[in-house]
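K.L.:
Sending over a structure as structure tokens; questions will come in a sec.
The values are calculated or read from the model by the stated rules, or taken from the named source; none is laboratory data. Values in this document were obtained by computation on a predicted structure and should not be read as measured data. Note that we place each Cβ from the backbone using ideal geometry, even for glycine, and neighbour counts take in every protein chain shown.
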Amino acid sequence: MKKRLGIDIDGTVTCPSTFIPYLNEAFGKELALNDITQYNLAPLYGVAEEEMDRWLEENEADIYERAPLARYALEVIDSWKDKYELYYISARGRHLYDLTERWFRRHGVHYHHIDLIGSHDKIAAVRQYKLSAFFEDKYDNACEIAETCGIPVILFDTPYNQGPLPENVIRVNNWLEAKREIEQRLRP
């Protein structure tokens, strides 16, 4: 049986700066990815949580549809399509499934399964699918998955996910580094 890799979508397979131009336009800011030093965007854009949530709900589908791939993601994922089972676990809501699947097909991103769980709590999905490793951009998710599930978690380095890491969380700068790390750790 092939090992299963769990992969977050947004900020991992897609470029972590995807939302920034849209947020800047909507809220009259000129922030760059380096300015996004926390996952909670409302304070950075000077708006209430409710306003940010409403804006995200109204705009997420259009932005997800246009999201660019992260650098090297396609070539690395493509190199794994016959070696591993690729399970995408995302906090996106289930109502975005068709749009997400279309995006995967349009960009040629291989997958065996996509689960849009509508929550950042991915522990149950990691356990359900018996994943051997996970790829994430959200700091607390990476730490929690590694510590609770005892699997390696590849954390894609961004300004919004800084902090001390448990032993099983490996910070990388791109998909080429992620490939090297995971293939060293998951040798048969």
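K.L.:
Is it true that some residue in segment 5-18 is in contact with a Pro (Cβ under 6 Å, 6 or more places away or on another chain) and hydroxyl-bearing (Ser, Thr, Tyr)?
P.N.:
no
K.L.:
Could you list, in sequence order, all residues of segment 112-128 that are closer than 24 Å to Glu57 by Cα and surrounded by 15 or more Cβ atoms within 10 Å (Cβ to Cβ)?
P.N.:
Ile114, Asp115, Leu116, Ile117, Lys122, Ala125
K.L.:
Another question, if that's okay. With the checklist (1) assigned to a strand (DSSP E or B); (2) under 22 Å from Thr37 (Cβ atoms); (3) of a type in the set (Phe, Trp, Tyr) in hand, flag the one item Phe134 doesn't pass.
P.N.:
So the condition that Phe134 fails would be (2).
K.L.:
Which condition number in (1) at pLDDT below 95; (2) in the same structural domain as Asn174 (by TED's automatic domain parsing); (3) not β-branched (Val, Ile, Thr) is the one that Asp78 fails?
P.N.:
(1)
K.L.:
Looking only at residues that are of a type in the set (D, E, K, R) and assigned to a helix (DSSP H, G or I) in segment 141-175, which one is surrounded by the fewest Cβ atoms within 10 Å (Cβ to Cβ)?
P.N.:
Just the residues of segment 141-175 that are of a type in the set (D, E, K, R), to begin with: 144, 147, 157, 167, 171.
Filter once more, keeping what is assigned to a helix (DSSP H, G or I): 144, 147.
On the way: Glu144: 20, Glu147: 14.
Among them, the one singled out is Glu147.
K.L.:
Answer yes or no as to whether Ala48 is modelled with pLDDT of 95 or more and closer than 27 Å to His107 by Cα.
P.N.:
Judged against the criteria, Ala48 is not a match.
K.L.:
Find the residue count for segment 85-111, including only residues that are in contact (Cβ under 8 Å) with a residue 60 or more places away in the chain and surrounded by fewer than 19 Cβ atoms within 10 Å (Cβ to Cβ).
P.N.:
Qualifying residue count for the region: 1.
K.L.:
What residue, among those in segment 5-41 that are in contact (Cβ under 8 Å) with a residue 24 or more places away in the chain and small (Gly, Ala, Ser), is surrounded by the fewest Cβ atoms within 10 Å (Cβ to Cβ)?
P.N.:
Once the filter is applied, the top-ranked residue is Ala26.
The rows are residues; the columns are (1) under 19 Å from Ile114 (Cβ atoms); (2) over 16 Å from the mean Cα position of the chain (by Cα); (3) assigned by TED's automatic domain parsing to the domain that holds Asp157; (4) hydroxyl-bearing (Ser, Thr, Tyr).
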residue: Asp8; (1), (2), (3), (4): yes, no, yes, no
residue: Gly11; (1), (2), (3), (4): yes, no, yes, no
residue: Ala26; (1), (2), (3), (4): no, yes, no, no
residue: Leu33; (1), (2), (3), (4): no, no, no, no
residue: Thr37; (1), (2), (3), (4): no, yes, no, yes
residue: Asn40; (1), (2), (3), (4): no, no, no, no
